[in-house]
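Written below as C-alpha cells is the structure these notes are about.
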Amino acid sequence: MGVARFKTSPIPALTGEEMERMYEENAPSLLRFFARRVSSPESAVDLVAETFAAGWQSRSQARGQSAEERRAWLFGIARHRLADFRRRGYAEQSAYSRLGLTRRSLTIDEFERIEQVASLGKLSGAVRAGFARLSESDQEVLLLRIVEERDYPELAASLDVSETAARARVSRALARLRRLGDYSDDLEGLNA
Amino acid sequence: MPDPLLDELPIMRELGTQLSVAFHADESGDSISTAEQPRHRQRMSLTFVAAVAAVSVACSLFFSGGGRQRRPVPNLAVGMANVADVARSQPDVFPSDRQFFYLSAVVSYLEPIRARPATFASVAQLKAPKVHISLRYETWSSAAREGLTRSHVIHTSFGSASARRLWNSERHARLTPVAELAGIRPPEPHRYLLGDILLTRAQLLSTPPNPRLLYRRLLAAGGTPPSVFSQIADTLAARPVPSRLRAALYETISRVPGAVLSEPAGRDASTVTLSLANGFREALVFNRNTAQLLKERTVATGPQAKKLNVPSGTVTMSTIFQQRGVVGSAGQLPR
C-alpha cells in the first residue's frame with residue numbers, strides 16, 4: 001500500500017466518464033455511509049453530492065487506478081466532509097455550488113427510504129445501546145463490518161489502512177462492545 | 001451487479017445526471033452555472049490579480065520548455081480551415097428519406113418563473129425571478145416519416161431561496177418531468193434544411209461546398225450576418241449534412257463579421273463567439289479532432305443582463321450535444 005501511495009510516475013487526472021462510473025459504483029455506499037452517521041436524510045444526500053463535487057475538483061490528486069484505490073480515495077474525501085459536517089453542524093455545499101448546481105428537496109418517499117437505510121435494523125436493542133456508548137472510531141469500524149457487511153479488503157480500503165490493521169480495529173471494537181454487555185448471539189461469527 | 005438503491009431513490013439518479021452534466025461541461029471549458037466565474041474570484045482584488053499575472057508571466061518565461069504550453073491562437077479563417085479539413089476526411093452520416101436522423105442532447109435554459117417559456121414579453125417578465133432548467137432530449141427526424149421527440153427534466157436550480165419558493169408554488173402547472181411527442185412531421189415531405197433553406201435530397205447533396213456561395217445563400221435566406229451564424233449553428237447541431245458540406249459550413253463561419261475564435265490551452269475544444277448588438281453573445285464549441293459541434297450557448301452580457309436582472313455573463317441557454325446517428329425507426333438508438 002505504501003508503495004502505491006508514493007509512486008513517482010504521474011497518474012492522469014480522472015475524466016468525467018470515470019467520475020460517472022465512480023458515481024454508479026459508489027454513490028449507494030456513500031449514501032448509506034452518510035445516512036448512518038448524520039441524523040438528516042437531506043444532509044446525507046447533500047454530503048454525497050458534495051463528496052463527488054469535491055472529488056471532481058481534486059481529481060488530479062486521485063490516488064491509484066484500480067476501482068478499489070479510487071473507492072478508498074473517495075471515502076477519504078467523504079470522511080473529511082463528515083468531519084466538517086460534525087464541526088459545522090450542517091453540510092457544506094461549496095464544491096457542489098461551484099459547479100453551479102442545486103438540488104430539489106426530497107420527496108416524502110425518498111425521505112423515508114433513506115431513513116430506512118440509516119436504521120441499524122440488524123442490531124438488537126441491547127447492542128444498539130452498547131453501540132451508542134462506544135467511541136466514534138469504534139462505531140465506524142463496526143458500522144462498516146456489521147451493519148454494512150463489508151469484507152476486510154473493502155473495509156481496509158474504506159478506512160485507508162492495511163487489511164491487518166482493519167482486522168485488528170474490528171477485533172478491538174468488538175472486544176470493547178462485549179465488555180459493555182453480553183451480545184454473544186448478535187455478534188456470533190463476527191470475530192476478526 | 002448495480003446497487004438497487006440508485007433506482008429506488010430518484011433523487012440519486014437525478015444527482016448523478018446533474019453531476020455528470022457538470023463534469024463534462026467543466027471538462028471542456030464550458031459551465032452550466034448561472035455565472036461564468038465563481039463569486040469568490042469576482043471579489044479578488046486587482047492587486048492580487050496583477051501579482052498572479054506577473055508570477056504567471058515569469059513562470060512561463062522560465063518553464064516554457066515543459067508542461068502545458070499555451071497554443072498560439074490562430075486566426076478564425078485558419079482555425080476553421082483546419083476543422084474543415086478534419087470534417088472532409090470523415091465518412092458521411094447521412095440518412096435516406098425513410099431513415100431517421102437521431103440526436104440526443106442536454107439543454108439548459110433560464111426561464112422567468114412567472115412567464116411562459118421564451119417569451120420575455122414585458123419588463124415585469126424580464127425582471128422576474130428565474131429558474132434554470134436542464135433537460136435531456138432525444139429526437140428522431142425523417143424527411144418522409146413521422147418523427148419522435150422525448151424529453152426528461154433532469155435538474156432545476158434557482159438563484160435565490162425566494163425564486164425556489166415561487167417555483168414550488170407554481171411548478172405544478174408549468175413543467176412536465178417526462179414528455180414524449182410522436183407524429184412530428186417534416187416541414188415539407190422529402191425536404192431537408194440547410195440553414196433556413198428547404199432542399200430536396202438531390203439538391204442538398206449537389207450543393208457546391210463553396211463558402212463564399214454558401215454565405216450569400218444563407219444571408220439571402222436569413223437577412224443579416226448574425227442570422228448566417230445561427231443558421232450554420234442549427235445545421236451543424238441538429239441536421240444531417242454530407243461531410244464536404246459540413247466542412248464548407250465551418251469555413252463559412254469565418255466570413256461572418258465579428259466572429260472570434262478561441263482555443264484554450266490543453267483542450268481539444270475550440271470556441272467561436274459572436275457578440276450581438278442586443279447584448280447576447282452566441283458561442284459554438286466544437287472538437288477540433290472530430291469536427292463535431294459539442295455545445296452551443298447563449299450568454300447575456302452588459303445591458304441585456306441588466307434587463308434580465310441576472311449577473312453579466314449568465315448563460316441563458318446551453319445545449320450539450322451527446323450523440324448523433326442514423327437509425328431505421330423512431331425510438332431506435334444508434335449503435
Looking only at the stretch B:133-159, which residues are more than 30 Å from B:Phe94 (Cα to Cα) and modelled with pLDDT of 80 or more? B:Ile133
The stretch A:131-178 - residue that is of a type in the set (Val, Ile, Thr) and touching a residue at least 40 places away in the same chain (Cβ under 8 Å) and, of those, surrounded by the fewest Cβ atoms within 10 Å (Cβ to Cβ): A:Val147
Quick one: which strands (runs of 3 or more DSSP E) lie wholly within the stretch B:131-227 and hold at least 2 residues that are in contact (Cβ under 8 Å) with a residue 60 or more places away in the chain? B:147-158
Report yes if A:Leu47 is part of a helix (DSSP H, G or I), more than 10 Å from chain B (Cβ to nearest Cβ), in contact with a Gly (Cβ under 7 Å, 6 or more places away or on another chain) and not β-branched (Val, Ile, Thr), otherwise no. no
Qualifying positions in the stretch B:73-100 - among the aliphatic types (A, V, I, L, M) and farther than 19 Å from B:Leu194 by Cβ: B:Val73, B:Leu76, B:Ala77, B:Val78, B:Ala81, B:Val86
Mind checking which pairs have a first residue in the stretch B:244-269 that is more than 18 Å from B:Thr224 (Cβ to Cβ) and open to solvent by 10 Å² or more (accessible area, probe 1.4 Å) and a second that is part of a loop (DSSP other than H, G, I, E, B) and of a type in the set (A, V, I, L, M, F, W, C), Cβ under 8 Å, 6 or more apart or different chains? B:Arg246/B:Ala291; B:Leu261/B:Val73; B:Ser262/B:Val73; B:Glu263/B:Val73
Can you confirm whether the stretch B:54-72 contains a residue that is open to solvent by less than 90 Å² (accessible area, probe 1.4 Å) and either within 14 Å of chain A (Cβ to nearest Cβ) or at pLDDT 80 or above (or both)? yes
Residue check: is A:Ala173 over 14 Å from the mean Cα position of the chain (by Cα) and modelled with pLDDT of 75 or more? yes
What number of residues within the stretch B:313-333 are surrounded by fewer than 16 Cβ atoms within 10 Å (Cβ to Cβ) and at pLDDT below 90? 2
Can you name the residue in the stretch A:30-44 that is at pLDDT below 90 and assigned to a helix (DSSP H, G or I) and, of all such residues, is nearest to the chain's Cα centre (by Cα)? A:Phe33
The stretch A:20-70, residues that are open to solvent by less than 10 Å² (accessible area, probe 1.4 Å), under 20 Å from B:Pro4 (Cα atoms) and among the small types (Gly, Ala, Ser): A:Ala27, A:Ala35, A:Ala44, A:Ala49
Do we have B:Thr301 as open to solvent by 10 Å² or more (accessible area, probe 1.4 Å), touching a Gly at 6+ places or on another chain (Cβ under 6 Å) and farther than 19 Å from B:Val106 by Cα here? yes
Being assigned to a helix (DSSP H, G or I), at pLDDT 75 or above, more than 9 Å from chain B (Cβ to nearest Cβ) and in contact with a Leu (Cβ under 6 Å, 6 or more places away or on another chain) is the requirement here; does A:Arg71 meet it? no
Unique match (being part of a helix (DSSP H, G or I), modelled with pLDDT under 85 and of a type in the set (Asp, Glu)) among A:Glu149, A:Glu154: A:Glu154
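Please work out if A:Leu120 is open to solvent by 20 Å² or more (accessible area, probe 1.4 Å), farther than 30 Å from B:Thr17 by Cβ and either more than 14 Å from chain B (Cβ to nearest Cβ) or at pLDDT below 80 (or both).
Working: open to solvent by 20 Å² or more (accessible area, probe 1.4 Å): yes; farther than 30 Å from B:Thr17 by Cβ: yes; either more than 14 Å from chain B (Cβ to nearest Cβ) or at pLDDT below 80 (or both): yes.
When the stated conditions are applied, A:Leu120 passes them.
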If you go through the stretch A:52-62 one residue at a time, do you hit one that is away from chain B (no Cβ under 14 Å) and farther than 20 Å from B:Pro10 by Cα? yes
Within the stretch B:201-218, the count of residues that are out of contact with any helix residue (DSSP H, G or I) (no Cβ under 7 Å at 6 or more places or on another chain) and open to solvent by 50 Å² or more (accessible area, probe 1.4 Å) comes to 10
Going residue by residue through the stretch A:78-88, is there one that turns out to be within 14 Å of another protein chain (Cβ to nearest Cβ) and crowded, with 21+ Cβ neighbours inside 10 Å? no
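The values are calculated or read from the model by the stated rules, or taken from the named source; none is laboratory data. Worth saying up front: this structure is predicted, and the values here are computed from it rather than measured. Here Cβ is always computed from backbone atoms with ideal geometry, including for glycine, and neighbour counts include all displayed protein chains. Only protein heavy atoms, including side chains, enter the accessible area calculation; ligands, DNA and RNA are left aside. Shrake-Rupley method; radii C 1.70, N 1.55, O 1.52, S 1.80 Å.
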